[in-house]
Amino acid sequence: MCIVHSTLRDATTPYTKRYATLKQSLMSMTQIAFFNSENAPSSKQIEDHIQALGYNFKFQTQFENISTTNELNCTIEETEGQFVFDIEAPSETLEENDWINISQNEFNKVIIFNWGADYSAGAIIGLISLALIEFCNSKVYYLDDEMEYTKQMLLDDTPQFLNEIQKHKNRPQPKSRPITTPKKKKSFWDKLFGK
């Protein structure tokens, strides 16, 4: 069983208060997942599950168990996503988040995802969370508001992320201007001596 906590939903979903903050500035998001490493899915299992949901998803690197890696390189709908994460014992995370009602003996690992305002990473981490629900009986929470994520919320978020990715792809690129060297201004002394 895995439990995933996310601050991504808060920053990227229009019906939360902090969505506007993401629009105004770059942010850092954190998502944590408590799990037992012996139950964690492989890259193939995660990939197959996400593809069964109807998404064009592929890991660039393969792993036997998500707890055996610390970096994910993926593509979602032909957009690359990359992020790193840490895996550690859950005790410190549980102490820092005392509202989480989990026994310290219930899980042997916690995975901590950190990423910036990257919609592809948001989509990928949300989809991986869905796979963790499927394979680990995960419970998913939104960390800042201490609310539980439902499977349906995660399913609803993914198209929003993908729409944002598409908006950025469709934006016209600025035209490049030729590089010109500014004319050197004559110094006072050059003007005085007629140079």
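Quick look at the numbers
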{"item": "Residue that is farther than 22 Å from residue 155 by Cβ and under 12 Å from the mean Cα position of the chain (by Cα), where the choices are 114, 97, 70, 108", "result": "114"}
{"item": "Any pair with Cβ under 9 angstrom, 6 or more apart, that starts in segment 132-145 at a residue that is at pLDDT 75 or above and ends at one that is outside any loop (DSSP other than H, G, I, E, B) and of a type in the set (Gly, Ala, Ser)", "result": "132/33; 136/33; 138/33; 138/129; 138/131"}
{"item": "Some residue of segment 140-152 being under 17 Å from residue 39 (Cα atoms), among the aliphatic types (A, V, I, L, M), surrounded by 13 or more Cβ atoms within 10 Å (Cβ to Cβ) and in contact with a helix residue (DSSP H, G or I) (Cβ under 7 Å, 6 or more places away or on another chain)", "result": "yes"}
{"item": "Residue within segment 66-82 that is modelled with pLDDT of 85 or more, polar (S, T, N, Q) and either in contact with a Leu (Cβ under 7 Å, 6 or more places away or on another chain) or under 17 Å from residue 138 (Cα atoms) (or both) present", "result": "yes"}
{"item": "Residue check, residue 58 at pLDDT 85 or above, exposed (fewer than 13 other Cβ atoms within 10 Å of the Cβ), under 23 Å from residue 158 (Cα atoms) and not polar (S, T, N, Q)", "result": "no"}
{"item": "Neighbours by Cβ (under 6 Å, 6+ apart or cross-chain): first from segment 103-130, surrounded by 15 or more Cβ atoms within 10 Å (Cβ to Cβ); second modelled with pLDDT of 85 or more and aromatic (Phe, Trp, Tyr)", "result": "107/35; 109/35; 111/85; 112/85; 113/85; 119/161; 122/161; 123/161"}
{"item": "Top-ranked residue in segment 146-160 [being charged (D, E, K, R) and in contact (Cβ under 8 Å) with a residue 24 or more places away in the chain; ranked as nearest to residue 51 (Cα to Cα)]", "result": "157"}
{"item": "Any chance residue 135 is aromatic (Phe, Trp, Tyr), part of a helix (DSSP H, G or I), surrounded by 17 or more Cβ atoms within 10 Å (Cβ to Cβ) and on the phi < 0 side of the Ramachandran plot", "result": "yes"}
{"item": "So residue 85, is it farther than 21 Å from residue 140 by Cα, aromatic (Phe, Trp, Tyr) and without any contact (Cβ under 8 Å) to a residue 60 or more places away in the chain", "result": "no"}
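The values are calculated or read from the model by the stated rules, or taken from the named source; none is laboratory data. Keep in mind it's a predicted model, so treat the numbers as computed, not measured. Reconstructed Cβ throughout: ideal geometry from the backbone, glycine too, with neighbour counts over all protein chains shown.
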